[in-house]
Amino acid sequence: MSAPAPGVYSEEALAIADRLGLKRGRANLEVFAETLQELAEADQNVLVVTSDSRGSGKLKPFGEALPRQIVEVGIAEQNLVGVSAGLANAGKTVFAVSPACFLATRSLEQIKNDVCYSGMPVTLVGISAGVSYGALGSTHHSLHDYAALRAIHNVTVLAPADNRETRAAVRWAATHDGPVYLRFGKAALYDLAGEPAPADPREASVLRDGDDVALVATGEAVIHCLLAAEKLAADGVSARVISSPSVKPLDADVLLAAGRECRAVVAAEEHLVHGGLGDAVAALLLRSGEAPAFASVAIPDEDTYTGSQADIFLRYGLTMEGIAERAAATLAAVGVTP
């Protein structure tokens, strides 16, 4: 019998999560579908358009309850975006749901022209994002979507870190008068704070204060930064943890404060090292004149390792241990030691 696949959380990480009182919630994708159905039940103008993604998008209950508010276009991502733009132009509140690996590649031209250039208030929902599809390999990994969409004018790019941030982001997107890209993975996530997330997901949250190093992350990497901060604290390192659900635009006030007040900044993300959150934060700090030591924990520019999401996170250091090690090394490079 083969050994069980490794989990992304070590025994030490699980013990720290328990000590911090963190509770495991559900997959953000499930909370997205539930919140969207609540919105649609209250407003018949809320529509979902999918590209054969009703099951993988957790939208079967939505379709059963509200069959007149869901549109299935089949495996045709360009049509998905074009149809969604047309419905939005007719006054509908539209959520276009498709696997992120296809949505941000096959239909990129339609996103650019039909949605963003035309200013249509469509919420593009990239599901099973990052390396959620794991062993299906690079064709099914979406490690390019932040970079591609950051380069297009007039779209907000969001990756909630937990169920609280997801609810807030979905409700905000439904009322936002402009294009939005929402990114969701498949894993069940810890809820990271007791209080509600900011109603505007473009605002970053400081989950933990500190002045040695700021750990800035988005999406499924945030929990590992929060655990890393506690691990670093045991070694005398004070780590600030910032959850930035918005990759574009950035919350400049929160991030520039971190640049001024901390000796180093480390960004972590489930994305290629080029073009994502890390590059955005580094550019913001440098252009503002705030230039602390900086490092990025992300997927390197290579043929991506094939395995489960946990396998890939472990290989590339997107874990409590990997982020803590990178933060300590970055501080050591500027002479800060415990």
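Some points to look at:
- Note on the stretch 57-93: residues that are farther than 21 Å from G119 by Cα, of a type outside the set (D, E, K, R) and either open to solvent by 50 Å² or more (accessible area, probe 1.4 Å) or part of a strand (DSSP E or B) (or both) amount to 6.
- The number of residues in the stretch 94-144 being surrounded by fewer than 19 Cβ atoms within 10 Å (Cβ to Cβ), touching a residue at least 60 places away in the same chain (Cβ under 8 Å) and closer than 23 Å to A174 by Cα comes to 1.
- Residue that is farthest from the chain's Cα centre (by Cα), among those in the stretch 313-338 that are modelled with pLDDT of 95 or more and β-branched (V, I, T): T330
- When the test is whether a residue is open to solvent by 10 Å² or more (accessible area, probe 1.4 Å), charged (D, E, K, R) and farther than 19 Å from A100 by Cβ, K231 passes it.
- Filter result for N154 (open to solvent by 10 Å² or more (accessible area, probe 1.4 Å), in contact with a Cys (Cβ under 6 Å, 6 or more places away or on another chain) and without any contact (Cβ under 8 Å) to a residue 40 or more places away in the chain): yes
- Residue match in the stretch 173-192 (condition: open to solvent by 10 Å² or more (accessible area, probe 1.4 Å) and part of a helix (DSSP H, G or I)): yes
- Reported count of residues in the stretch 204-228, each being of a type in the set (S, T, N, Q) and open to solvent by 10 Å² or more (accessible area, probe 1.4 Å), is 1.
- Check on L29, open to solvent by less than 30 Å² (accessible area, probe 1.4 Å) and in contact with a helix residue (DSSP H, G or I) (Cβ under 8 Å, 6 or more places away or on another chain): no
- Within the stretch 280-314, being of a type outside the set (K, R) and open to solvent by 70 Å² or more (accessible area, probe 1.4 Å) holds for L286, A291, F294, D301, E302, D303, Y305, T306, L314.
The values are calculated or read from the model by the stated rules, or taken from the named source; none is laboratory data. Quick caveat, the model's predicted, so the values are computed rather than measured. No Cβ is skipped: glycine too gets one built from the backbone with ideal geometry, and neighbour counts run over all protein chains shown. Areas reflect the complete protein model, heavy atoms only, side chains present, ligands, DNA and RNA absent. Shrake-Rupley method; radii C 1.70, N 1.55, O 1.52, S 1.80 Å.
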